[in-house]
Amino acid sequence: MNDERLTVAEAAEDTDDRQPEQPERQDQPEQHDQPEQPEQPGQPERKRKRRGPGPFTLLLLPGLVTITGVATFLALTGGMPSPWPEDSDTDQAAAVDIDPSYVPWLRKAASACTLLEPSVLAAQIDQLSGWSDDTDALSGQKGIAAFTDTEWRTWGKDDDGNGQSSPRDPADAIMALGRRDCSLAEKVTELRTEGRVNGDLVDLMLAAYSSGTDAVTKAGRVPPTAETYLAEVAALRPRYEALDRADSGGGAGGPSGALLAAPVSPLTITSPYGSREHPLTGVTKLHTGVDFAAPQGAQVVAARQGRVVFAALTTAYGNRMVIDHGTIEGKRLETTYSHLSSLEAAVGQAVEAGTPIGRVGSTGLSTGPHLHFEVVLDGYYTDPRPWLVAGD
């Protein structure tokens, strides 16, 4: 993640010019009851008149009863329904208690080899660090995947394209752990094919991670030194198994494991997410999205179910559209589509994955027809690639 924020609200026009309603004035002053006169001695006792309900009772009591009823209803039902309920297509992310921005990276890392599942990676990280990136001063392990500096030089890369390779960067760490696991999976698969070891390949892979390939080879199976680690990972894995299930369809519309459908087809990347020198301004800064090559006028579609929150011509992005897809684990997910030649959806319009929303163009600061596509999670730009296609 980086600290650049999407300021859609600054560009959007406020069309709500209505003035708040003024409370109704009471033209008649409130009538107060006259004080009772003391009874005079020697006079017969007068019967008191039964007084009707006063102005307070007539005017305010019904409102209090209504407010009490509404409050009771909200308490029983859990509150007013949200206009952006949790998307049913993100059950996999909602079912696990991790940062939702990690989910695409877990899937992308696991897709590097057939033996690895996202739930295995997640359980490993949980066992290694409990998802904490605090440094272990004694072991020298850093980040959520607990890499030492020596290990990082072997496995670490700048996978999210932010200009820095770091074990403290969750995306980099998840991808590095996936590479390491897949390398071990290849080795233990070869060992078992040769008949030198026996056992479940996932167990052998985890054992090789914990105790080393040599220890597994010497034991011919999972060595006793790795049994505790395997048991701990196995106990944690069920809480992440929802990550292994493909999207249920109807919302994302993308390939298995992808959270977003392709906004154009095919997905031919001409400029990835990450630090770059702008081809027109010459300024080196974060390229906040991905540029997809596409011919002038090619159809652009919504990447996910949502609602259009911005659609207008801007200076830098040209014709730009922003779609709000609701929340994942309490974090707002938005996608943006820029340099369009035309806008085919309006602010407030509900869209489904695959709904036509515009045409590819070269408006704004652009060197030629293409789609600049961004993914914004909770106000921060993130690399769109792992959200679009698992294993791309």
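Tell me which residues come under 5 Å, amide H to amide H, from Phe147 once H is placed; ignore anything under 5 positions away on its chain.
HN-HN under 5 Å from Phe147: Lys142.
Scan around Gln349 for amide H atoms under 5 Å from its own, H built in the peptide plane at 1.01 Å from N, and keep only partners 5 or more places away or cross-chain.
Excluding prolines and chain starts, which carry no amide H, the hits are Val308.
On average, how much area does the Cα convex hull of segment 105-161 cover when viewed from any direction, in nm²? Intermediate values should be presented prior to the final figure.
Values: hull surface 17.4 nm².
One quarter of the hull surface, i.e. the mean projection, equals 4.3 nm².
Which of the peptides 200-206, 186-192 is most tightly packed, and how do the rest follow, going by the mean number of other Cβ atoms within 10 Å of each residue?
Values: 200-206: 20.9, 186-192: 17.1.
Ranking the peptides 200-206, 186-192 by packing returns 200-206, 186-192.
Enumerate the calculated ³J(HN,Hα) couplings along segment 342-352 in order (Karplus 6.51 cos²θ - 1.76 cosθ + 1.60, θ = phi - 60°), each rounded to whole Hz, writing x wherever the residue is Gly or Pro.
Along segment 342-352, the couplings run 8, 10, 10, 9, 10, 4, x, 6, 7, 10, 10 Hz.
Quick one: Cα centre-to-centre distance for segment 343-392 and segment 184-200, in angstrom?
Cα centroid of segment 343-392 versus Cα centroid of segment 184-200: 44 Å apart.
Can you give me the relative contact order of segment 297-392 as a percent, contacts being Cα pairs under 8 Å and 6 or more apart?
Numbers: 240 pairs, mean separation 28.9, N = 96.
Rounded, it is 30 percent for segment 297-392.
None of the figures in this text is laboratory data; all of them are computed from the coordinates on show. Keep in mind that what you see is a predicted model, and the values were worked out from it rather than measured. For neighbour counting, all protein chains shown are included, and Cβ atoms are generated from backbone atoms with ideal geometry for every residue, glycine included.
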